[in-house]
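Here is the structure we will look at.
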Amino acid sequence: MPRLNKRASYLTLLLPAFIIYIGIIIFPILVSFGLSFTEWKRFKMTGFNGLDNYISILTDPVFQRSLWNNVQIMLISVLGQIPLGIILAYLLHRKWVRGTKFFEFMIFLPVTISSVVIALLWNRVFSPVGIYTTFVRMITHNPDYVVKIFESEKFAMIPVLLVLLWQYTSLYMVIFLANLQRIPSSVFEAALIDGAKESTIIWKIVLPALSTVIFTCSVLAISGSLKSFDLVYAMTAGGPVNYTYVMALYLYQHTFTFHNYGKGSAVSIIIVLLSVGLISLVRGIYDKAQKKFE
Amino acid sequence: MKKTALFALVLVLAMTFVSAAGTKEQSSDDGTVTLTAYMQIDPANDQYAGHNAVMAAFEEKYPNIKLDIEYASGEAFHQKFQSMAASKQIPDIYTCYGGARTAYVTETGLTLDLTPYLDDAFKSQFASATWNPQGSAGVIYMIPPAFSVCHTIYANTAILDKLGLEYPKTFDEWLSQIPTIRAAGYYPVSMGNKDPWVVNSWLLGTLIERFGGKEWIMKAAKGEASFTDEPFVKALDVIKQMSDAGLFSPGVNQMSNSEADQEFYQQKSVYLIDAGWRTSAMDAALPADQREAIKMTVFPALDGEVTHNTSSAVASEGFALSKALEKDKAKLDAALTFIKFYTGTEGATIRAEHGDVPSYNLDLSKVNLDVMQKKFVEFSAEYPMGYVFDSIMDGEGVTMLNTDLQAMMMGNGDPKQIAADYEAWVAANDSNRD
Amino acid sequence: MDHRMKTISHGWTVTAYIFLIIFTLITVLPVLWMLYSSFKPMGEIMMHPLRLPSAPTLANYRKAFEYGNLVVSFLNSVFYSGISTVSTVLLALGAGFALTKFGYKSSKVYFGFFTLGLLITVNSVITPLFIMETSTGLYNTRLGVVLPYIAFGLPMAILLSTSYIRGIPDALIEAAVIDGADYVQIFWKIILIVSTPVMATMAILTFLGNWNEFLMVFTLTSGDNMRSLPVSINSFAGRLNEDYGLQFAALVVGTVPMFILYLVAHESVIKGFGEGALKE
């Protein structure tokens, strides 16, 4: 095998991925970007309309509610799934309990279950004909009982958030578990011999060692939450009214139900811009935190 | 390097698969015509047993016409269809509606106008509503094999008898039954309005028609009448009264269709507001005596109604052809043969035996039908059919209206305001007012 | 391997057990429900949704295999997911290595570009993609499914591979360079070997994403012989009359392979890692 010089090796390793990626994702999204400034009527593009699509989206109360719901999903991902993922990975890695393999599998399972099944079962339990509801009606002798939170304008997202927390924590646990392997077990042993507490080990050894990965996971969590669609669609489809609407649903509806590619494309671009902003913010926080640890 | 070798092997396998993949249209040297088709049909569902039988019969009678069919359902069907329409690559035969829902293909010059290919002798064999003009051009884009009945009230007469009640003659009488029904531990009406199109399709359309008559909706759509007028506002108000009086079972806006069905099937409620196409599922799920006790009827009389005892129905999805077929005589003939077979005598007879009520005129009294299917046939014959609201108006406005309606049913909203908002949207955006 | 420490307080262990057991129950119940419901006819699921099947039947499976063409769909799923997962992981590791250990300034730009891909939903590119594929002849080919799968898998995979490879000591690579290896050889002989745990993670997550993917394969192919499992399952979703029994049977067929893959790949996450390789 002839020796490749450094530059050639660099390109050999990088370019195949880059070309596929540009062709399939970047090219269409540039088309989208262009379309986001166009007006559509009766399934046809009728001309450019500048920023009109963006203005009408940003001033639409349905979009504003969707945005807020996405922010809630993001918060539960970054502040719920990631910390929980770390704790679970740590406790399994350090074998606090017996049967770690079994529990690991159990925690992983939810991401493999179809959102359709989750939504159906959820309804079998909590809908007005569900077992939970039927049971409460029986013991309270109140035949009008329903789970009120589903109809609450303010809190209708909470059930969705709880299910998301359960479903996707394992994603992060799997990532952290792989990365914990990088810390040699002698480090833990040494620390324990020195009399360090578990909490000290987590703060002083595990978190610093995982900091890059935590950042990576935050990026995944933010981008994933701003795009989330499947579970919300299966559980509530945005309802009741539009209390659980999310941006991806809004995008879908304007593109494919109302046939307005201009507006649909503008939503895609807004989602991208928002994510870039949020990820930069996290990047800033991460850089600061790194300095502190050093 | 074992790993590398393994990867190489996998990649080679991959390339073989890739090069062997993909079905391209075959040429027709032996006189066989192959047509591509895209249908919103679910062959595995009991509801489409008739469809499967027709397809088998067609294959047998016309071995030289091959159909390459892709089936899909729901939102996914429309999403892909729109991509096809956007790239002007649509299949030879496809299912679509005559109204607004699939206008992205019928109104963009991709669908063949069937008018020149259908003679009066053929057309006269169908219910006259089959040939109502379609789309904004008022031509015939598709032949509907059946009608969808969108408003039906199913009443459990066994419970009614037990409570000493009868199916109400008027809306007020219906409301006055609530205390008796509740006192006996039942819920009055089940309806699954989790997806808010339900209240629109299954209730609102019929109510507007009762108050305004059949012609009013087209006037309102075109701007000769306003949605702030009485028929529309009164219809909204009836729905509000139903909610406020507790006619619906609790959680009506949290229940999916099948959950509402479940409540009614389990005999926890006396009435069910649903569509006509539920009968095949009832035949499959319920014991015979329970089915015998179900009465299929329509909304009771309302104060100030101008039409009486109406339900609402719309031509079902039908078969349309690609405009591109005009250029290929052999394919066009084959495609026309297929849709005429499916909707005409042969197809209709086969489908009727499986419980369909075809748009083709058949004497169904001779067909041996299951209990609920039989009731459905009688229902279709007994009640006059009005229009279906969301097949006329643009989807975006209807979605907004449905959301507002659901909010109203949950206690936030007032009929006059909703009517005003909707009229404003229609005036500014709806394609009917162009 | 057992570095279970006696120092962990009793309280922590009990809390951990309680939490894990509750989590397990919440997880197992839906799976069990799906499993036994798949042996019930639709009517019984409606009338007694939670009860065990009174007369278990294979009818749903028979019907699902007959109408859903499940065998072909299953093989297609294995093919699409398998090929694109292997390709994604390899390409992402190569790119991850290039972006972290070469010290070129352009790396940052490339990396930023790849990260952008995380933010893009399939819904926003599906129509342009369909038009591109129909005009290039990729439509309704297996390559036309695999390429988008790779492209959409790359951003996350690259993110994971860069953050992992960055942690591999430079000394390891420098030593190999001194020994006369070129960078591509280093990639095959060193990077691939020490990256086993993250490879397994990437493979699991990528495979999972591809296995459940519906929209692209549905839109970019037509016809029974190209379908994957999610497309078959969706065809049972019934627009007007849902048949849950049928859906569940198909979902069981679709979910079980994921369990198996995880159990297999899981060994690599935990054990396949040569700890010695990283000791400095």
| query | Just counting partner chain Cβ atoms within 10 Å, what average do the residues of peptide A:240-246 show around their Cβ? | reply | 5
| said: Is the C-alpha gyration tensor of segment C:59-278 telling us rounded, prolate or oblate? Criteria: a/c under 1.5 is rounded; beyond that, a/b larger than b/c is prolate, otherwise oblate. | reply: prolate
| task | Report, in deg cm²/dmol and to the nearest 500, the calculated mean residue ellipticity at 222 nm for chain A, where each DSSP H run with n ≥ 4 adds -39500 (n - 2.57) and the sum is divided by the residue count. | result | -21500 deg cm²/dmol
| query | Under 18 Å from the 7 Å Cα→Cβ point of residue A:273, by amide nitrogen: which residues of segment C:116-137? | reply | C:116-117, C:119-121, C:124
| field | Förster radius 30 Å - calculated FRET efficiency between residue B:178 and residue C:48 (Cβ-Cβ, nearest 0.05) | value | 0.55
| said: I need the shape label for segment A:51-130. Rule: rounded when a/c is under 1.5, else prolate if a/b > b/c, else oblate, with a, b, c from the alpha carbon gyration tensor. | reply: oblate
| query | Given a Förster distance of 56 angstrom, what is the FRET efficiency for residue C:22 paired with residue B:330, based on the Cβ-Cβ distance and rounded to 0.05? | reply | 0.25
| said: Under 10 Å, Cα contacts only: if you run a Gaussian network model on chain A, which one of A:221, A:17, A:237 comes out with the highest mean-square fluctuation? | reply: A:17
| field | the protein assembly as shown: antiparallel DSSP beta bridges as a percent of all, rounded to 5 | value | 60
| field | Cα gyration tensor category, rounded, prolate or oblate, for segment B:172-239 with a/c compared to 1.5 | value | prolate
| note | Calculated from DSSP helices alone, with each H run of at least 4 adding -39500 (n - 2.57) and the total divided by the residues of chain B, [θ]222 nm to the nearest 500 comes to -13000 deg cm²/dmol
| request: Return the loop-located trypsin sites (Lys or Arg not before Pro) in segment B:163-246 (DSSP other than H, G, I, E, B) with at most 15 other Cβ atoms within 10 Å of their own Cβ; answer none if there are none. | output: B:169, B:214
| task | Just subtract the alpha-carbon distance of residue A:289 and residue A:135 from 0.36 nm times their residue separation and send over the number in nm, one decimal. | result | 50.5 nm
| message | Contact order normalised by length for segment C:59-278, with contacts defined as Cα pairs under 8 Å and 6 or more residues apart; what percent is it? | response | 36
| query | How far is the Cα center of segment C:181-200 from the Cα center of segment B:410-434, in Å? | reply | 63
| remark: In the structure shown, of B:240/B:295; A:263/B:88; A:44/B:88; A:44/B:323, the pairs separated by more than 23 angstrom at the C-alpha atoms are B:240/B:295
| request: Could you calculate the FRET efficiency of residue B:428 with residue C:178 from 1/(1 + (r/R0)^6), where r is the beta carbon distance between them and R0 is 56 Å, rounded to 0.05? | output: 0.15
| Is it possible to state the helix-based mean residue ellipticity at 222 nm for chain C, with each DSSP H run of 4+ residues giving -39500 (n - 2.57), the sum divided by total residues, to the nearest 500 deg cm²/dmol? What is it? | -23000 deg cm²/dmol
| request: Just tell me, in residue order, which DSSP H segments of chain A are both 27 angstrom or longer along the helix axis (alpha-carbon based) and at least -0.5 in mean Kyte-Doolittle hydropathy. | output: A:157-180, A:207-227, A:261-293
| field | Shape box of segment A:36-293 [Cα atoms, principal axes, largest first, Å] | value | 73, 56, 27
| query | Among residues other than residue A:36 whose Cβ falls under 13 Å from its Cβ, what is the net charge (Lys/Arg +1, Asp/Glu -1)? | reply | -1
| note | If unit charges are put on Cβ atoms (+1 for Lys and Arg, -1 for Asp and Glu) and the dipole of chain B is taken about its Cα centre, the option from B:148, B:176, B:48 lying farthest towards the positive end turns out to be B:48
| query | Just how far, in whole angstrom, is segment A:150-183 from segment A:49-90 if you go by their alpha carbon centroids? | reply | 14
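Readers should treat all values here as calculations from the given coordinates under stated rules, not as data from a laboratory. On a predicted model such as this, the values are computed, not experimentally measured, just so you know. Here Cβ is always computed from backbone atoms with ideal geometry, including for glycine, and neighbour counts include all displayed protein chains.
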